[in-house]
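Have a look at the structure below, then the notes.
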Amino acid sequence: MIGIIGGTGIYEIVEMGEEVETKAIETPYGKSPEINVFKLHDKDVVFMPRHAKGHANPPHMINYRANIYAMKEMGVERIIATNAVGSLELSIKPGDFMIPHDFLDFTKLRQSTFYDTKTVHIDITKPYCDNLRDILISSGESVDNGVYICTEGPRFETAAEIAMFKQLGGSVVGMTGIPEVILARELEICYASVCMVSNYAASISPTKLTIEEVFDVVNEQKDNLIKLISDSIAKLPEKRECPCKYALSGAEIDEV
């Protein structure tokens, strides 16, 4: 089973599928958004709108644990996520796609683990699945490396924050990629992200940042984004062979 967690601009991928079924999943962390289960390229696919129907949940209020747990309950082993981001580099332009290889976490209030009552130290040296990344990179034109900065939101970042992020090695900045990638690793699910650059970040942008700017670029590029994901799903092998499925091996502390 393949999962897609879609942010802005990806909802239409469901229309490409066959045998579409809609459901919501009850989890120990709450109810998931309404998800679509369908066939695409003869593969079983689960699509989840990250923000729920109508973009109802802002980034800092998304129930990330319920979302990822619901994917696991559905039998999902690989997740392709999409994230709208602002660029920290003039060379990474609005309309570009970037496949991040690492992240820096500047969120503050989010519940970012399933292990509140048990000590588990998950290895996240390579947070994004290399196998999934390679397939995404080979399926369309994209920047094939980059560091994703995640902030709490919902506000945009200050010029001083962007200057700091650049000095720390950040490539793009967004509000939704963390803790998704961490939670997926904790449940031994492969996870990779397609970052759609919707704007230049504060102080890099020549104009005031607006949400209309973000949605304009997303609408222009959504067909290309959907094609990239569809082509990647077609290339996915039937079985996964990567370290992600053994993520909990050596991570748990035995009771003493």
Margin query: Anything in segment 158-175 that is open to solvent by 10 Å² or more (accessible area, probe 1.4 Å) and part of a loop (DSSP other than H, G, I, E, B)? List them, or say none.
Written below: THR158, LEU168, GLY169, SER171, MET175
Notebook entry, point to check: When SER230 is evaluated against the numbered criteria (1) farther than 16 Å from ILE4 by Cβ; (2) modelled with pLDDT of 80 or more; (3) hydroxyl-bearing (Ser, Thr, Tyr), which criterion, by number, is the only one it fails?
Noted result: (1)
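With ASP96, ASP123 as the choices, which residue is among the acidic types (Asp, Glu), touching a residue at least 40 places away in the same chain (Cβ under 8 Å) and surrounded by fewer than 16 Cβ atoms within 10 Å (Cβ to Cβ)? Talk me through it step by step, then tell me what you get.
Values: ASP96 fails: surrounded by fewer than 16 Cβ atoms within 10 Å (Cβ to Cβ).
Exactly one of ASP96, ASP123 is among the acidic types (Asp, Glu), touching a residue at least 40 places away in the same chain (Cβ under 8 Å) and surrounded by fewer than 16 Cβ atoms within 10 Å (Cβ to Cβ), namely ASP123.
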Next item on the list: Kindly provide the set of residues from segment 54-71 that are surrounded by fewer than 21 Cβ atoms within 10 Å (Cβ to Cβ) and either within 21 Å of ILE229 (Cα to Cα) or out of contact with any Ser or Thr (no Cβ under 9 Å at 6 or more places or on another chain) (or both), ordered by number.
Entry: GLY54, HIS55, ALA56, ASN57, PRO58, MET61
Notebook entry, point to check: Has segment 194-216 got any residue that is touching a helix residue (DSSP H, G or I) at 6+ places or on another chain (Cβ under 9 Å), at pLDDT 95 or above and assigned to a strand (DSSP E or B)?
Noted result: yes
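What are the residues in segment 149-173 that are touching a Pro at 6+ places or on another chain (Cβ under 9 Å) and under 11 Å from PHE106 (Cβ atoms), if any? Before you say what the answer is, go through the steps one by one.
Applying the first criterion (touching a Pro at 6+ places or on another chain (Cβ under 9 Å)) to segment 149-173 yields 150-154, 171-172.
Passing the criteria: CYS150, THR151, GLU152, GLY153.
Give me the strands (runs of 3 or more DSSP E) completely within segment 1-107, filtered to those with at least 3 residues that are under 21 Å from CYS244 (Cβ atoms), ordered by residue number.
Details: elements: 2-6, 18-23, 35-40, 43-49, 78-87, 102-106.
Once the strands (runs of 3 or more DSSP E) in segment 1-107 are filtered for at least 3 residues that are under 21 Å from CYS244 (Cβ atoms), what remains is 2-6, 43-49, 78-87, 102-106.
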Notebook entry, point to check: Quick check: is even one residue across segment 7-24 at pLDDT 95 or above and of a type in the set (Asp, Glu)?
Noted result: no
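Pick from segment 187-198 the residues that are of a type outside the set (A, V, I, L, M, F, W, C) and buried (at least 22 other Cβ atoms within 10 Å of the Cβ): which of them is farthest from VAL85 (Cα to Cα)? Give the steps one after another, and end with the answer.
Of segment 187-198, the ones of a type outside the set (A, V, I, L, M, F, W, C) are 188, 191, 193, 198.
Checking which are buried (at least 22 other Cβ atoms within 10 Å of the Cβ) leaves us with 191, 193, 198.
Values: TYR191: 18, SER193: 11, SER198: 6 Å.
For segment 187-198, the residue satisfying everything is TYR191.
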Notebook entry, point to check: Identify, please: which residue in segment 176-193 is among the acidic types (Asp, Glu) and not in a loop (DSSP other than H, G, I, E, B) and is, among those, farthest from PHE106 (Cα to Cα)?
Noted result: GLU186
Next item on the list: Name every residue in segment 136-157 that is open to solvent by 30 Å² or more (accessible area, probe 1.4 Å), assigned to a helix (DSSP H, G or I) and in contact (Cβ under 8 Å) with a residue 40 or more places away in the chain, in order of residue number.
Entry: SER138
Next item on the list: Select from segment 7-53 the residues that are within 18 Å of ILE226 (Cα to Cα) and without any contact (Cβ under 8 Å) to a residue 24 or more places away in the chain and list them in ascending order.
Entry: GLU15, GLU18, VAL20, ASN36, LYS39, ASP42
Check: Taking only pairs six or more apart or across chains, which ones have beta-carbon atoms under 8 Å, a first residue in segment 55-81 that is more than 19 Å from CYS195 (Cα to Cα) and in contact (Cβ under 8 Å) with a residue 24 or more places away in the chain, and a second residue that is open to solvent by 70 Å² or more (accessible area, probe 1.4 Å) and polar (S, T, N, Q)?
Finding: ARG65/GLN111
Notebook entry, point to check: Is it true that ASN57 is out of contact with any strand residue (DSSP E or B) (no Cβ under 9 Å at 6 or more places or on another chain) and within 30 Å of SER203 (Cβ to Cβ)?
Noted result: yes
Notebook entry, point to check: So LEU136 clears everything in (1) over 23 Å from GLU238 (Cβ atoms); (2) out of contact with any Cys (no Cβ under 9 Å at 6 or more places or on another chain); (3) of a type in the set (A, V, I, L, M, F, W, C) except one condition, right? Which one?
Noted result: (1)
Item checked: Complete set of residues in segment 239-253 that are at pLDDT 90 or above and more than 22 Å from the chain's Cα centre (by Cα) -> SER249
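The values are calculated or read from the model by the stated rules, or taken from the named source; none is laboratory data. Since this is a predicted model, take the numbers as computed values, not measurements. When we count neighbours, we look across all protein chains shown, and the Cβ atoms used for this are built from the backbone with ideal geometry, even at glycine. Please note that ligands, DNA and RNA were not included when accessible areas were found on the heavy atoms of the full protein model with its side chains. Shrake-Rupley method; radii C 1.70, N 1.55, O 1.52, S 1.80 Å.
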